[in-house]
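S.K.: Pasting in a structure now, in structure tokens, and then I'll have a few things to ask.
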Amino acid sequence: DAGVIQSPRHEVTEMGQEVTLRCKPISGHNSLFWYRQTMMRGLELLIYFNNNVPIDDSGMPEDRFSAKMPNASFSTLKIQPSEPRDSAVYFCASSFWVPGYTFGSGTRLTVV
Amino acid sequence: AQTVTQSQPEMSVQEAETVTLSCTYDTSESNYYLFWYKQPPSRQMILVIRQEAYKQQNATENRFSVNFQKAAKSFSLKISDSQLGDTAMYFCAFKGQGAQKLVFGQGTRLTINP
């Protein structure tokens, strides 16, 4: 089992650019979550999917953020345009009807 | 809304000592799940231990055990015989039975000194 795979591990981009973060959940898991971690706000849930369908996106901070899950093995989180305050670690996690997630290694995003 | 509070931003102990990390939570639900996650410098979030609220017996995983006090809404983590590799941020988290969202505390930075 390769676990939850996120890419890239690090991303540095200029303000105004589009950023796409990628996630491959564990095979067979039916729920996928995107979290953001910052020093000030800790771990915040941005959005989660059940069976590829977005269920709760109330944590998405602005319209600049969007997430998709076109199939059971792939999800993206896109920020367009990016701003310096978007700098954070973005985690993807997946689960299968069992309380508790398996997290990916995260993407550290820096917007300069 | 549920909230999770970790009142110890930082802790430091000597190797081989026992350390206890505190966590309190607020909920009106009777059935729920509680978790402790470890985040070492590698950044990976690792599930350490899980407790179901309907179980009276405290969960244990090797050197890690919890003290779950449902009435007091308290969920502390005890690490016995601490090791250098236990150095990490530790997050307490809550999940309602009907929910899928994990609510995290702010974390406790634990340092194990040689």
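Derivation of every value follows stated rules applied to the coordinates shown; laboratory data play no part. Being a predicted model, the structure only gives us computed values, none of them experimental. A quick note on method: Cβ atoms are made from the backbone with ideal geometry, for glycine too, and the neighbour counts reach across all protein chains shown.
S.K.: Ordered by residue, what ³J(HN,Hα) values in Hz, to whole numbers, does the stretch B:91-108 give under the Karplus form 6.51 cos²θ - 1.76 cosθ + 1.60, where θ = phi - 60° and Gly and Pro are x?
M.R.: After applying 6.51 cos²θ - 1.76 cosθ + 1.60, I find 10, 8, 9, 10, 9, x, 4, x, 10, 10, 7, 8, 9, 9, x, 7, x, 10 Hz.
S.K.: Also, I was wondering about something else. With θ set to phi - 60°, apply the Karplus curve 6.51 cos²θ - 1.76 cosθ + 1.60 along the stretch A:80-92 and write out the HN-Hα couplings as whole Hz, x wherever there is a Gly or Pro.
M.R.: In residue order, the calculated couplings are 8, x, 7, 10, x, 6, 7, 4, 4, 9, 10, 10, 10 Hz.
S.K.: In straight Cα distance, which lysines are under 29 Å from residue B:55, not counting same-chain residues fewer than 8 positions off?
M.R.: B:38, B:70, B:73, B:78, B:95, B:101
S.K.: Under 16 Å Cα-Cα from residue A:78, which lysines qualify once same-chain neighbours fewer than 8 residues away are excluded?
M.R.: Candidates past the 8-residue exclusion: A:24, A:68.
S.K.: Averaging over every viewing direction, what projected area does the convex hull of the Cα atoms of the protein assembly as shown cover, in nm²?
M.R.: The Cα convex hull of the protein assembly as shown, projected and averaged over all directions, gives 12.5 nm².
S.K.: Right, next: Round to a whole angstrom and tell me the spacing of the C-alpha centers of the stretch B:2-41 and the stretch B:69-114.
M.R.: 3 Å
S.K.: What does the charge count around residue B:32 come to, taking other residues whose C-beta lies under 15 Å from its C-beta (Lys +1, Arg +1, Asp -1, Glu -1)?
M.R.: +3
S.K.: Could you go through the stretch A:20-34 in sequence order and give the Karplus-derived ³J(HN,Hα) for each residue, using 6.51 cos²θ - 1.76 cosθ + 1.60 with θ = phi - 60°, rounded to whole Hz, and x for Gly and Pro?
M.R.: With coefficients 6.51, -1.76 and 1.60, one gets 10, 9, 10, 8, 10, x, 5, 4, x, 6, 10, 10, 9, 10, 10 Hz.
S.K.: Roughly what would the spin-label model give for residue A:30 and residue B:14, points 7 Å off Cα along C-beta, in nm?
M.R.: 5.3 nm
S.K.: Using a Gaussian network model of chain A with C-alpha springs under 10 Å, which one of A:53, A:89, A:12 is most mobile by mean-square fluctuation?
M.R.: A:12
S.K.: How charged is the neighbourhood of residue A:45? Take every other residue with its Cβ under 13 Å from the Cβ of residue A:45, and add Lys/Arg as +1 and Asp/Glu as -1.
M.R.: +1
S.K.: Using the Cβ atoms and a cut-off under 10 Å, what net charge is assigned to the surroundings of residue A:33, where Lys and Arg are +1 and Asp and Glu are -1?
M.R.: 0
S.K.: Could I ask something else about it? Which cross-chain or sequence-distant (5 or more) residues have an amide H under 5 Å from the amide H of residue A:17, H modelled 1.01 Å from N in plane?
M.R.: A:82
S.K.: Hey, rough spin-label estimate for residue A:58 and residue B:111, points 7 angstrom out along Cα→Cβ, what's it come to in nanometres?
M.R.: Result for the modelled spin labels: 3.9 nm.
S.K.: While we're here: Express the relative contact order of the stretch B:3-113 as a whole percentage, based on alpha carbon pairs under 8 Å and six or more residues apart in sequence.
M.R.: In percent, rounded to a whole number, it is 38.
S.K.: Now a separate question. So if we plug the beta-carbon distance of residue B:28 and residue A:73 into 1/(1 + (r/R0)^6) with R0 = 45 Å, what FRET efficiency do we get, rounded to 0.05?
M.R.: For R0 = 45 Å, the calculated efficiency reads 0.75.
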